[in-house]
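Visitor: One structure, as C-alpha cells, below. Some questions next.
The values are calculated or read from the model by the stated rules, or taken from the named source; none is laboratory data. Predicted, not measured: the structure shown is a model, and the values here were computed from it. Note that we place each Cβ from the backbone using ideal geometry, even for glycine, and neighbour counts take in every protein chain shown. Ligands, DNA and RNA are stripped out before the accessible areas are found, and what is left, the full protein with its side chains, is counted by its heavy atoms. Shrake-Rupley method; radii C 1.70, N 1.55, O 1.52, S 1.80 Å.
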Amino acid sequence: MEVPSKLPSRRLSVAPMMDWTDRHCRVFHRQITRHTWLYTEMVTTGALVYGDVERHLRYDGIEHPVALQLGGSEPADLAKSAKLGEQWGYEEINLNCGCPSERVQKGAFGACLMNEPQLVADCVKAMRDAVSIDVTVKHRIGIDYNEDYGYVRDFVGTIADAGCQTFIVHARNAVLKGLSPKENREIPPLRYQVAYELKRDFPDLEIIINGGIKTSDEIESHLQHVDGVMIGREAYHNPWLMADWDARFYGDEQGGPASREQVLEAMIPYIRAELERYGPLGLRLNSITRHMLGLMAGMPGARAFRQLLSDSRRLAEGNPELLLEAAGRMRKAA
C-alpha cells in the first residue's frame, strides 16, 4: 500500500479501542480528519504468528497515517509481528502496556507488563531491530494503588534506554484485581500532572497524553505541557468533535468536511465497494454503520437518525443509501 512521503505529527490521535477501531471505523474517521493518527484495535502476536494475517492487518489506503497496536510479551513474536506490520504499510508499531483486562493479564501482557520494565525494554529492542518504522509504547501511570511517581518515571527511563522515543501515557492507574476494564477507565483518578512531569523529566521524548479528554479546548490546554493528545471514547461517541482538528491543530486551511452529510456521502462508495467485495454473507451493512451512530450527536432529531440506522430489517437490505435516508428523517424530526 502506498505510504505518504511526509507524515503529520502525532499531535492528535484516536486511541486503539477493542471492538471499535476496526478498519471500517478508521475509514469513517478519516472522512472527518485527514491528519489525525488512527490506531488499530489491539492485535495479539498469536493472531499474527499463528492466525490469518490478512484478516487482522488489511486496511484501506485512505487510513494513513495508521498505526498497528500489538499485544504480547515474547520479544521474538513481537519482532515477527512488527515486521509483518511494516510490510503491510503501517507507519508505527505500538506496544500495549496499558490494558487491564483479566483476559490480557492471562496472556502476560497489557498493563501487567509495567511490573516488568526490563522485559518491555527487551520487547522494544527486538521490534526496533526488526523494523525501520517507529516503535512506541502505550502505558498507564501506575499499577493498582501505587501512586509513586518514581515507578512510572523508572519504567519510562528503562524503555527509553532501549530506544523508544514515544510514550502514550494513559493518565490513570490500572487496577489489575477487582475492577473491570470499564471501571478501570472511570474509577482510578486522572492525574494529568504525572504526564506533564514525565515531559519535564524527559524533554527529548515524545509524550502523548490520554484519558478522559473530551473537548478541543481541553486538547489545547494539554498541548501546553505535552507533545500530543490521544482521544478515546469521546472520538467514537461524538466523532464530529474531530471536524475542526485539521484546521485548529494542524494549520490545514482546507479544514475538515463541510457538513455531517458530506461525511455520509463520502462513505457510500466505500460501503458499496466493501459489500460487493465480501458479499452479504461476508460483510453486513451494520458492521460499518454501527460506527457512525454518533455522527449526529447533539443535533436536533439525532435520535431519529440513530433509530433508522439501528433498524435490523432495513440494515438487512444492505443498501448504503440508508445513511442519507437517516439524515433526511433526522431533518424531518427536527
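Visitor: In the stretch 154-190, which residues are of a type in the set (K, R) and open to solvent by less than 50 Å² (accessible area, probe 1.4 Å)? Reasoning before the result, please.
Guide: Start the filter on the stretch 154-190 by keeping residues that are of a type in the set (K, R), which leaves 172, 177, 182, 185.
Selection gives R172 alone.
Visitor: Considering only the stretch 84-108, state which residues are modelled with pLDDT of 95 or more, surrounded by fewer than 24 Cβ atoms within 10 Å (Cβ to Cβ) and part of a loop (DSSP other than H, G, I, E, B).
Guide: W88, G89, E91
Visitor: Considering each of G211, G228, G232, G256 in turn, give the residue that is farther than 22 Å from C97 by Cα, among the small types (G, A, S) and open to solvent by less than 50 Å² (accessible area, probe 1.4 Å).
Guide: G256
Visitor: Among R153, R140, which is under 19 Å from I209 (Cα atoms), over 20 Å from the mean Cα position of the chain (by Cα) and of a type in the set (K, R)?
Guide: So the residue among R153, R140 that is under 19 Å from I209 (Cα atoms), over 20 Å from the mean Cα position of the chain (by Cα) and of a type in the set (K, R) is R153.
Visitor: Of all the residues that make up the stretch 263-285, how many are in contact (Cβ under 8 Å) with a residue 24 or more places away in the chain and either open to solvent by less than 70 Å² (accessible area, probe 1.4 Å) or over 19 Å from Q31 (Cβ atoms) (or both)?
Guide: Of the residues in the stretch 263-285, 12 are in contact (Cβ under 8 Å) with a residue 24 or more places away in the chain and either open to solvent by less than 70 Å² (accessible area, probe 1.4 Å) or over 19 Å from Q31 (Cβ atoms) (or both).
Visitor: Kindly check whether there is at least one residue in the stretch 114-128 that is in a helix (DSSP H, G or I), under 16 Å from A15 (Cα atoms) and either more than 17 Å from the chain's Cα centre (by Cα) or not aliphatic (A, V, I, L, M) (or both). Steps first, please.
Guide: Initial filter on the stretch 114-128 (in a helix (DSSP H, G or I)): 114-115, 117-128.
Add one more test, that the residue is under 16 Å from A15 (Cα atoms), and what stays is none.
No: zero hits.
Visitor: A follow-up question, please. For the stretch 281-291, state whether one or more residues are over 25 Å from the mean Cα position of the chain (by Cα) and either more than 23 Å from D217 (Cβ to Cβ) or in a helix (DSSP H, G or I) (or both). Give the derivation first.
Guide: Narrowing the stretch 281-291 to residues over 25 Å from the mean Cα position of the chain (by Cα): 281.
From what is left, the residues that are either more than 23 Å from D217 (Cβ to Cβ) or in a helix (DSSP H, G or I) (or both) are 281.
Checked against the condition, which is being over 25 Å from the mean Cα position of the chain (by Cα) and either more than 23 Å from D217 (Cβ to Cβ) or in a helix (DSSP H, G or I) (or both), the stretch 281-291 yields at least one hit.
Visitor: Turning to a different aspect of this structure: I'm trying to understand the selection: among the residues of the stretch 158-184, which are assigned to a helix (DSSP H, G or I) and either modelled with pLDDT of 95 or more or of a type in the set (A, V, I, L, M) (or both)?
Guide: T158, I159, A160, D161
Visitor: Of everything in the stretch 296-334, what is touching a residue at least 24 places away in the same chain (Cβ under 8 Å), basic (K, R) and open to solvent by less than 70 Å² (accessible area, probe 1.4 Å)? Give them in sequence order.
Guide: None; the set is empty.
Visitor: Just checking, how many residues over the stretch 222-244 are free of Cβ contacts under 8 Å to residues at least 60 places away in the same chain and in contact with a Phe, Trp or Tyr (Cβ under 8 Å, 6 or more places away or on another chain)? Walk me through it before giving the result.
Guide: Kept after step one, since they are free of Cβ contacts under 8 Å to residues at least 60 places away in the same chain, are these residues of the stretch 222-244: 222, 224-226, 234, 241, 244.
Cutting the leftovers down to in contact with a Phe, Trp or Tyr (Cβ under 8 Å, 6 or more places away or on another chain) gives us 222, 225-226.
Count: 3.
Visitor: Okay, next question. Of the numbered conditions (1) in contact with a Ser or Thr (Cβ under 8 Å, 6 or more places away or on another chain); (2) open to solvent by less than 10 Å² (accessible area, probe 1.4 Å), A111 satisfies every one except a single condition; which is it?
Guide: (1)
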